[in-house]
Amino acid sequence: MHQKLPHISILEYYQFITFRTYDSIDKFVSKIQENNNLITKSKQYQIDKYLDRSKNGAYLFEENINILRNIILDQNKILYEIDVFCIMPNHVHLLIK
């Protein structure tokens, strides 16, 4: 079950985006998400902390980092302006406008 959070997209405003590799979400996280219709900030923090330490779905190393980096930078100044981004082994953070 996926939560539907309100999203606001306004031109010239910063957006913080995080995305993960598919395999980084394991049974532990899926069970927490399925058993709770509403995830509290505390539970979300615990999930994030767990996922950040997890080695599941950790594919973003060596050449894969360069491939993803080039894909992200390819659209810079076209679809968005990148302020900063960080590629972790199983997820990516972007701050764009």
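Give me a count of the residues in region 80-96 that are farther than 15 Å from residue 21 by Cα, of a type outside the set (Phe, Trp, Tyr) and either surrounded by 12 or more Cβ atoms within 10 Å (Cβ to Cβ) or more than 17 Å from the chain's Cα centre (by Cα) (or both). So that I can check it myself, show each step before the final result.
Here is the first cut: in region 80-96, the residues farther than 15 Å from residue 21 by Cα are 80-85, 95-96.
Of the ones still in play, those that are also of a type outside the set (Phe, Trp, Tyr) are 81-84, 95-96.
Imposing the further condition that a residue be either surrounded by 12 or more Cβ atoms within 10 Å (Cβ to Cβ) or more than 17 Å from the chain's Cα centre (by Cα) (or both) reduces the set to 81-83, 95-96.
Here the count works out to 5.
Could you count how many residues in region 29-63 are hydroxyl-bearing (Ser, Thr, Tyr), surrounded by fewer than 13 Cβ atoms within 10 Å (Cβ to Cβ) and at pLDDT 80 or above?
Step one: of region 29-63, the residues hydroxyl-bearing (Ser, Thr, Tyr) are 30, 40, 42, 45, 50, 54, 59.
Now narrow it down to the ones that are surrounded by fewer than 13 Cβ atoms within 10 Å (Cβ to Cβ): 30, 40, 42, 45.
Next cut, at pLDDT 80 or above only: 45.
Total satisfying the criteria: 1.
Across region 64-79, what is the number of residues that are open to solvent by 80 Å² or more (accessible area, probe 1.4 Å) and touching a Phe, Trp or Tyr at 6+ places or on another chain (Cβ under 9 Å)?
Taking region 64-79 first, the residues open to solvent by 80 Å² or more (accessible area, probe 1.4 Å) are 67, 69-71, 74, 77-79.
After this cut, where a residue has to be touching a Phe, Trp or Tyr at 6+ places or on another chain (Cβ under 9 Å) as well, the list is 69.
Selection size over region 64-79: 1.
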Practice item. Check whether at least one residue in region 1-14 is surrounded by 10 or more Cβ atoms within 10 Å (Cβ to Cβ), out of contact with any strand residue (DSSP E or B) (no Cβ under 8 Å at 6 or more places or on another chain) and either more than 19 Å from residue 97 (Cβ to Cβ) or modelled with pLDDT under 90 (or both), and report yes or no. Key: yes
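Results for (1) under 20 Å from residue 96 (Cβ atoms); (2) touching a residue at least 12 places away in the same chain (Cβ under 8 Å), shown as yes or no for each residue.
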| site | (1), (2) |
| --- | --- |
| 32 | no, yes |
| 45 | no, no |
| 53 | no, no |
| 56 | no, yes |
| 64 | no, no |
| 69 | yes, yes |
| 74 | yes, no |
| 80 | yes, yes |
| 83 | yes, yes |
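The values are calculated or read from the model by the stated rules, or taken from the named source; none is laboratory data. Just so it is clear, the model here is predicted, and its values are computed rather than measured. Every residue, glycine among them, receives a Cβ derived from its backbone with ideal geometry; neighbour counts consider all protein chains shown. Just the protein is used for accessible areas: all its heavy atoms, side chains included, with ligands, DNA and RNA removed. Shrake-Rupley method; radii C 1.70, N 1.55, O 1.52, S 1.80 Å.
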